[in-house]
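These notes are about the structure you will find just below.
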Amino acid sequence: MRKHIVAGNWKMNNNHSETHQLLSDLKQQTKSSNAEVMVAPTYVNLQYAVSELGGTDIEVIAQNMHFADNGAYTGEVSANMLNSIGVKTVILGHSERRAYFNETDESLAKKVDQTLANGLRSIFCFGEELADRKAGNQEAVVESQIKNALFHLEASAWQHIVLAYEPVWAIGTGETATPEQAQDMHAFIRKTLRDKYGDEVAENTTILYGGSVKPNNAKEIFGKPDVDGGLIGGASLKAEDFFAIVNAF
């Protein structure tokens, strides 16, 4: 049985005092769903968040990591470093990392390998741009991103992989993705997994939706059979809104 997950990606937001306030607000919220809840603060507040949320059922995760064990990579953070402070899950391949920092399928494949070597779980992001969607190439683009970065893995590795579909064209563009469009793509993703790995991997892999989930649309989106949760951006910066999404299951 695959897991329901709602993960809040705080991106480059919240200084230390703002992080303290948001963590305090989160601890006051009540979860009435069976979804796993995760938040991804900035690196400078990561260890503090791990400490503050210790003893709660909110997992602290990282927004990114490097593909090397260590070395002369100024400004980077390794899987081992995350492990050492109690972080066990990391977001990889977010559309902003791909767009602004030139991350490729090849470099992301190496990052995924590093997470597995260090006992971490990956939330692996992918999705098509507006031009791809308008040209009708969305399935080909998504299939390529998944295959290039993940299809070298053994079936057993997939218990440590969560997928997150981001329709980049529906984030900050004025375009809107419907719950039906989300379901159609999630079903295609699951079929892609089934064709490669069989029913067990396909049915047990959690696939999150990352296209501007809000309190007012979460229930309809999460009601789709192949949507197993959300990777939440802006709405995760307000505890009340975030938990309204969590409780939409």
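The region of the chain that goes longest without hitting one of the GluC sites (Glu not before Pro) in a DSSP loop, each with at most 15 other Cβ atoms within 10 Å, is 77-153. With the helix formula -39500 (n - 2.57) applied to DSSP H stretches of n ≥ 4, the chain reaches a computed 222 nm mean residue ellipticity of -11500 deg cm²/dmol. The residues neighbouring VAL246, those whose beta-carbon lies less than 14 Å from its own, together hold a net charge of -1 under the Lys/Arg +1, Asp/Glu -1 convention.
Straight Cα distances below 18 angstrom link LYS134 to the aspartates and glutamates GLU143, GLU166, GLU175, GLU180, ASP184, with same-chain residues fewer than 8 positions distant left out.
Comparing Cα centroids, segment 218-249 and segment 97-159 end up 22 angstrom apart. What the Cα convex hull of segment 1-101 gives, in volume per residue, is 124 Å³.
A convex hull fitted around the alpha carbon atoms of segment 91-184 yields 103 Å³ per residue. Gyration tensor analysis over the Cα atoms of segment 1-53 returns equivalent ellipsoid semi-axes of 22, 13, 9 Å (largest first, whole Å). Based on a Kirkwood Rh over C-alpha pairs, give the Stokes-Einstein translational diffusion coefficient of segment 140-249 at 4 °C and viscosity 1.567 mPa s in µm²/s. Translational diffusion coefficient: 89 µm²/s. Listed by chain and number, the lysines whose C-alpha is less than 20 Å from the C-alpha of LYS224, apart from same-chain residues fewer than 8 away, are LYS3, LYS191, LYS214. Only aspartates and glutamates eight or more places from LYS27 in sequence, or on another chain, were considered; those with a Cα closer than 15 Å are GLU18, GLU36, GLU52, ASP57, GLU59, GLU240, ASP241.
Ranking PRO215, ILE161, ASN204 by how far each Cα lies toward the positive end of the dipole of the chain (charges on Cβ) leaves PRO215 at the top.
Each reported figure results from applying straightforward, stated rules to the coordinates on display, with no laboratory input. Quick caveat, the model's predicted, so the values are computed rather than measured. As a convention, Cβ positions derive from the backbone with ideal geometry for all residues, glycine included, and neighbour counts pool all protein chains shown.
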